Amino acid sequence: MEIRAQRKSAGGDISGRHSRSPLSLPIFATFVTFAFLAVTLAPPTAGSAYATVAPGNAPLLGGQVLSAEGGYENLAGRDVFTISVPEPVAVAPVATVSTAPAAGVPDPGSAQAIAYGILQSQGMGEDQYNCLVALWNRESGWNMYAYNASSGAYGIPQALPGEKMASAGADWATNAATQINWGLGYISSRYGTPCGAWEHSESAGWY
């Protein structure tokens with residue numbers, strides 16, 4: 001009896017070394033369960049910075065919201081186009097090409113020779129001389145006594161009336177040089193040059 005009791009007691013001692021408290025397993029299981037529930041039920045954004053987006057802005061990345069503080073300015077706008085109209089370019093007038101035929105070299109001492117010398121002294125060239133010869137050929141044929149009975153025009157330039165040429169000299173009725181000087185002054189005041197007077201005569205029939 002004593003031997004069995006001792007063994008039983010010894011067996012009890014050996015088994016007691018590896019046994020645990022009957023409350024430890026339920027406590028551990030309960031802790032694990034609560035920990036799992038805490039992880040499962042916690043919001044995904046818990047513990048992180050969270051901000052909202054102003055109404056009308058769509059959230060990014062499926063519900064995650066990203067925003068930044070501060071003021072912003074939208075510099076994009078409707079394109080503006082400016083149409084500038086260039087200033088009109090001044091075009092130099094095209095010089096009129098004389099249609100007067102070439103007059104050739106005048107005879108020395110003739111009325112045409114007098115006119116040619118005056119034009120040269122004024123810096124005018126052959127083209128102006130050609131126009132003058134053609135113009136007064138049409139008017140009087142370079143005759144200083146030419147008289148138009150219907151109008152009263154007189155002399156080489158056919159002044160109307162002839163007395164106007166008195167401003168160039170008292171011998172206006174008989175001196176070719178006086179008539180030519182008056183006639184060139186008249187042309188200069190009205191048409192600028194003999195070619196200007198010739199072109200007018202070509203279009204209107206008179207100058």
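You can think of it this way: the chain between Ser110 and Asn137 has 8.3 nm of extra reach, that is 0.36 nm per residue less the Cα-Cα gap.
Protection proxy ranking, highest mean first, for peptides 108-115, 174-181, 127-134, 150-157: 127-134, 174-181, 150-157, 108-115, where packing is the per-residue count of other beta-carbon atoms within 10 Å, averaged.
Under 14 Å from the 7 Å Cα→Cβ point of Leu160, by amide nitrogen: which residues of the range 128-152? The answer is 139-140, 147-152, whose backbone nitrogens lie closer than 14 Å to the label point. By the count of other C-beta atoms within 10 Å, a proxy for reagent exposure, Arg138, Arg190 are ordered fewest to most as Arg190, Arg138. For a label point 7 angstrom out from the Cα of Glu202 toward its Cβ, which stretches of the range 102-119 have the backbone nitrogen within less than 17 Å? It comes to 102-104, nothing else.
Taken together, the values in this text are just the output of simple stated rules run on the coordinates, not laboratory data. A quick note: this is a predicted structure, and the numbers were derived from the prediction, not measured. So basically every Cβ, Gly included, is an ideal-geometry build from the backbone, and we count neighbours across all protein chains shown.
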